[in-house]
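Chemist: If you scroll down you'll find the structure; I have some questions about it.
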Amino acid sequence: GFIDKSGTLVIPCKYDYSGSFSEGLAGIQLNGKYGFIDKSGTEVIPCKYDNARSFSEGLAGIRLNGKCGFIDKSGTLVISCKYDNARSFSEGLAGIQLNGKYGFIDKSGTEVIPCKYDNAVPFNEGLASVELNGKFGFVDKSGSLVIPCKYDVANSFDNGRSLVFLNGKRGYVNKSGVETWD
């Protein structure tokens with residue numbers, strides 16, 4: 001359930017799981033299935049999904065019958081359930097997995113960055129961390145590898161730089177690929 005800032009119970013404790021509110025809706029689980037409620041506690045999207053991510057940029061990733069797709073806030077399936085995994089939308093793109101490899105789609109479901117990476121982190125500040133053969137680098141929204149996959153770990157960009165690790169060293173890389181090591 002949910003309480004307000006004063007500690008008053010405003011949505012009864014009847015769910016097996018409840019996520020945080022995002023874009024006015026919270027994911028809930030009831031009897032093993034996921035759906036969404038609004039801030040009044042009304043179930044606006046029925047609990048019928050095997051799993052669900054929070055809403056981001058108007059869409060939520062859902063899993064149904066072993067495959068992932070995306071719904072809008074009315075519960076309408078807008079990107080069909082055909083992916084093995086799906087990340088949340090960020091900066092207009094969402095990471096998706098097909099046949100063990102990750103790429104990115106836009107909100108129409110068009111694959112804009114091919115599924116060729118071992119892992120992909122959501123876009124932040126125009127770049128997304130991707131993994132290839134155990135090493136991380138960064139792609140831009142056109143899919144160009146702008147910082148080579150050479151890091152052991154590469155975090156999302158924040159204030160123009162990413163925290164990276166390489167051969168036991170910790171440092172930062174900026175969007176041009178210039179490194180600063182601690």
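The values are calculated or read from the model by the stated rules, or taken from the named source; none is laboratory data. Here the structure is a predicted model, which means the values were calculated and not measured. Glycine also receives a Cβ, built like all others from the backbone with ideal geometry; neighbour counts cover every protein chain displayed. To get the accessible areas, we keep the full protein, side chains included, count just its heavy atoms, and leave off ligands, DNA and RNA. Shrake-Rupley method; radii C 1.70, N 1.55, O 1.52, S 1.80 Å.
Chemist: How much of the calculated P(r) for the range 99-144 lies past 18 Å, in percent of all Cα pairs?
Modeler: Details: 199 of 1035 pairs.
So the pairs more than 18 Å apart make up 19 percent of the total in the range 99-144.
Chemist: Now, a different point. First obtain the Kirkwood hydrodynamic radius of the range 49-136 from its Cα pairs, then insert it into the Stokes-Einstein equation at 20 °C and 1.002 mPa s, and state the resulting D in µm² per second as a whole number. Can you show the working numbers first?
Modeler: Working: Rh = 12.8 Å.
Rounded, D is 167 µm²/s.
Chemist: Continuing with this model, one more query. Given that compact globular proteins tend to follow 2.2 N^0.38 Å, what is the ratio of the alpha-carbon Rg of the range 26-91 to that value? List each step's numbers first, then the result.
Modeler: On the way: Rg = 11.0 Å, N = 66, 2.2 N^0.38 = 10.8 Å.
In units of the globular-protein estimate, the range 26-91 measures up at 1.02.
Chemist: Follow-up. Can you order the peptides 105-115, 62-72 by their average number of other Cβ atoms within 10 Å per residue, highest first? Numbers along the way, then the final one.
Modeler: Numbers: 105-115: 15.1, 62-72: 18.5.
Result, highest mean first: 62-72, 105-115.
Chemist: Would you kindly find the accessible area of Arg53, with a 1.4 Å probe and non-protein molecules such as ligands, DNA and RNA excluded, rounding to the nearest 10 Å²?
Modeler: It works out to around 90 Å².
Chemist: Across the range 143-158, in residue order, what do the Karplus-derived ³J(HN,Hα) couplings come to in whole Hz, using 6.51 cos²θ - 1.76 cosθ + 1.60 with θ = phi - 60° and x for Gly and Pro?
Modeler: Listing the rounded values in order: x, 6, 7, 8, 10, x, 6, 9, 8, 6, 9, 9, 7, 4, 5, 8 Hz.
Chemist: Report, as a whole number in µm² per second, the diffusion coefficient that Stokes-Einstein gives for the range 77-182 at 4 °C and 1.567 mPa s using the Kirkwood radius over alpha carbon pairs. Intermediate results must be reported in sequence, preceding the final value.
Modeler: Numbers: Rh = 13.9 Å.
Once the numbers are plugged in, D ends up at 93 µm²/s.
Chemist: While we're here: Amide H to amide H under 5 Å from Phe123: which residues, 5+ apart in sequence or cross-chain, H placed 1.01 Å off N in plane?
Modeler: Ser90
Chemist: Okay, which of the range 58-93 sit inside 13 Å, backbone N to the point 7 Å along the Cα-Cβ direction of Asn51?
Modeler: Only 61-69, 83-88 pass the distance filter.
Chemist: Enumerate the calculated ³J(HN,Hα) couplings along the range 124-136 in order (Karplus 6.51 cos²θ - 1.76 cosθ + 1.60, θ = phi - 60°), each rounded to whole Hz, writing x wherever the residue is Gly or Pro.
Modeler: Going residue by residue, I get 8, 6, x, 10, 10, 6, 10, 10, 9, 6, x, 10, 10 Hz, with x marking Gly and Pro.
Chemist: Amide H to amide H under 5 Å from Ile113: which residues, 5+ apart in sequence or cross-chain, H placed 1.01 Å off N in plane?
Modeler: Under 5 Å from the amide H of Ile113: Phe104.
Chemist: Then there's this: Using only the alpha-carbon atoms of the range 133-182 as identical scatterers, what base-10 log of I(q)/I(0) does the Debye formula give at q = 0.26 Å⁻¹?
Modeler: These q points yield log10 I(q)/I(0) values of -1.01.
Chemist: Further question: Using only Cα atoms, what is the ratio of the radius of gyration of the chain to 2.2 N^0.38 Å? Could you put the intermediate results ahead of the total?
Modeler: On the way: Rg = 18.6 Å, N = 182, 2.2 N^0.38 = 15.9 Å.
Relative to the rule-of-thumb radius for its length, the chain sits at 1.17.
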